[in-house]
Amino acid sequence: MEVKKEVPALVAFVINMAMVYVAYMLCRVEYVAENWSALGEPLFANSLTDLLAGSLRFDTSAILYTNILYALMMLFPLHYKETRKWQVAAKWVFVVVNSLAIIANLADSVYFRYTGKRTTMSVLQEFENEGNIGSILGAEILNHWYLFLLGMVMIFCLWKLYVMPSSARKERRNYIIYYVINVLVFALYIPLTIAGMRGGFTHAVRPITISNANQYVSHPKEAAAILNTPFSLIRTTGKKTFKDPGYTQNEIDVNYTALHEGNLQSIPNKKNVVVLIVESFGREYIEEGYAPFVKSLEAKSLSFDYSYANGRKSIDGMPSILSSIPMFIEPFFLTPASMNNVSGLAGELGKIGYETAFFHGAENGSMGFEAFAKATGFKSYYGRTEYNADKRFGGDGDYDGTWAIWDEPFMQFYALKMSEMKEPFMTAVFTASSHHPFNVPEKYAETYKDDGKNSIHRCIRYTDMAIRKFFETASKQPWYENTIFVLTCDHTNGFDSAVYNTDLGAYAAPLMIFDPTGATVKAERRHGIAQQIDIMPTVLSLTGYNKPYIAFGQDLTKTKDDETWAVSYNNGIYQLVKGDFFLQFDGKNVTAVYNFKKDPMLKINVAGKEDREKQNEMTRLLKAVISSYMKRMENNELIVR
């Protein structure tokens, strides 16, 4: 039942809008509580005043944007707005719009653990063609019933506590005074709204965007608590993603280029290349014993003390691993730049006669992987459709019910299909089972039980077994000893150990290169840094590829350990790790530097204090990478013409 107190329209409007601020703040409290291990304690190391000021700034922008129609209905100088029908319509607009905002904020609190940030429009694009979203949402509502209940209570309160303005009697109304007052109120509201949407009053203030939240916190991941989901969605709708930062030559005076010339004297060795991209298989799980086979494989491979993913989602991993394109700002193939000419491992090796194929056990077309694979040079694609057509396997009986064919049977399909390909070949497989909702096949339910620590652990153990069986089958194939295997993950997922929950640790990913014969790739542990975008140039070098190509990573076979580095992009902050230091940069200024080897929890900011020349060199390198990336994206220069 609505509040019956008779109040003027302006007063009712202010009270109702204040109620929205309360709703946003309650959603924020829930967001932090849901992700306490990642946000809670670190967040409160910051100034409470800064946290509140930042939260109100972004809430104001979102609330003013989403309530534009409601504000017009309540404040536009038109006396008809005081009729009962008009006010009931305004109430419905208010409740529906702000209910959607509440739902978005609460739902996003669950998704944070997978991305480490607020949801943007790219996430909606990423899943727009998936047919299983309904079942996933249903499962999430059951798993997070308390959020569903909280949302219903909050929406109920919006309706019941809504203040309906009084209606002045026409015979008592002085229309001249009425319109003078209402025109003045509306004229005042317009500039205040514009300022609130922009995030400030002065001409020097540019419209705030999601990266501005970093000024209120110590670490980029904490920005998610300052932001709100409606703002993140609004600010990433229809925006130009890539723009030349305009650094001067002095600012990027460093030996970096994305153009790899190729050694014309080199003779291709016709080695096969097999790339295993393992879903959510963060380095943490290998180190903590959940993947014993992969751990044993690492001991027989070329690996590095520090290895990292270049993004936090599956859609980031594909371009990084297969085309040496890191994720900066938004996932590459959800931006207009995805229409550029682009190559990759498959495209380059295809030029010298390699047969190429991409394997993913999900519905064909899922996640846009098939489109990306074809755009980057893969000649064949094997998905759920092709698996079902192979009578040697169980077809849809091996479907996990949500995402894809279970890893064990699909990787057997993968191994045997390669035996039908002409050598040399280059293939990649993207696994799926170590993914939410974290189930395993029924026949393994007792073998791989939930240990109660992290639901993904049982899936990691299952997928580790599937990889072991894949190598058992592959080792019996005629092409095995003539093959270079690369194993990495698309991104990390969930964190048991605090060191893997930092701005750097959240990107810790396995990267190992295995040669069964040891003739081309020596098994060793190098004391350097590797990243996903290094895979393409390194593998091309190992195969003796001799043509020029574009890759933003480095050839690890020709880079000294102390010169290796890795980049990432975290909630509006560019990140670079090299040597002993981990540097964070907002596009204009260095915001933090940590000696991550001495300080793995990133507690002590040593920007400008330790080894300044090294920090300056890192800043120039990061600017060079960013500048090269943006210019090539803008000018369609991702291939050698």
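Being open to solvent by 20 Å² or more (accessible area, probe 1.4 Å), modelled with pLDDT under 85, within 20 Å of residue 551 (Cα to Cα) and aliphatic (A, V, I, L, M), is that true of even one residue in segment 246-266? Yes; the residues of segment 246-266 include at least one that is open to solvent by 20 Å² or more (accessible area, probe 1.4 Å), modelled with pLDDT under 85, within 20 Å of residue 551 (Cα to Cα) and aliphatic (A, V, I, L, M). Listed by first and then second residue, the pairs with beta-carbon distance under 8 Å, at least 6 apart or on different chains, first residue in segment 288-313 and in contact (Cβ under 8 Å) with a residue 40 or more places away in the chain, second open to solvent by 50 Å² or more (accessible area, probe 1.4 Å) and assigned to a helix (DSSP H, G or I), are 290/461; 291/461; 293/468. With respect to being closer than 30 Å to residue 232 by Cβ, open to solvent by 10 Å² or more (accessible area, probe 1.4 Å) and in contact with a Pro (Cβ under 7 Å, 6 or more places away or on another chain), residue 553 falls outside the description.
Figure legend. Inter-residue proximity from segment 146-170: first residues over 24 Å from residue 14 (Cβ atoms), second residues open to solvent by 90 Å² or more (accessible area, probe 1.4 Å) and at pLDDT below 95, beta-carbon distance below 9 Å, spacing 6+ or different chains. Indicated pairs: 148/142.
Only residues that are at pLDDT 95 or above, open to solvent by 10 Å² or more (accessible area, probe 1.4 Å) and either β-branched (Val, Ile, Thr) or under 22 Å from the mean Cα position of the chain (by Cα) (or both) were counted across segment 570-589, and they come to 1.
Filtering 505, 452, 401 for residues that are touching a Leu at 6+ places or on another chain (Cβ under 9 Å) and of a type in the set (Gly, Ala, Ser) leaves a single hit, 505.
State all residues of segment 362-398 that are among the hydroxyl-bearing types (Ser, Thr, Tyr) and within 26 Å of the chain's Cα centre (by Cα); if no residue qualifies, say none. Across segment 362-398, the qualifying residues are 366, 376, 381, 382. Which of the residues belonging to segment 527-550 are in contact (Cβ under 8 Å) with a residue 40 or more places away in the chain and open to solvent by 20 Å² or more (accessible area, probe 1.4 Å)? Result: 527, 542, 546, 547, 548.
Quick check on segment 616-641: of everything there that is among the polar types (S, T, N, Q) and open to solvent by 10 Å² or more (accessible area, probe 1.4 Å), which residue is farthest from residue 339 (Cα to Cα)?
616
Scan segment 477-523 residue by residue and report those that are among the acidic types (Asp, Glu) and either open to solvent by 10 Å² or more (accessible area, probe 1.4 Å) or in contact with a Lys or Arg (Cβ under 7 Å, 6 or more places away or on another chain) (or both). Step through it out loud before you land on a result.
So in segment 477-523, the residues among the acidic types (Asp, Glu) come out as 481, 490, 496, 503, 515.
If the condition is that a residue be among the acidic types (Asp, Glu) and either open to solvent by 10 Å² or more (accessible area, probe 1.4 Å) or in contact with a Lys or Arg (Cβ under 7 Å, 6 or more places away or on another chain) (or both), then 481, 496, 503 are the ones that fit.
The values are calculated or read from the model by the stated rules, or taken from the named source; none is laboratory data. Computed from a prediction, not measured in an experiment: that's the story for all the values here. As a convention, Cβ positions derive from the backbone with ideal geometry for all residues, glycine included, and neighbour counts pool all protein chains shown. Each accessible area value is taken on the protein alone, full model and side chains, heavy atoms only, with ligands, DNA and RNA left out. Shrake-Rupley method; radii C 1.70, N 1.55, O 1.52, S 1.80 Å.
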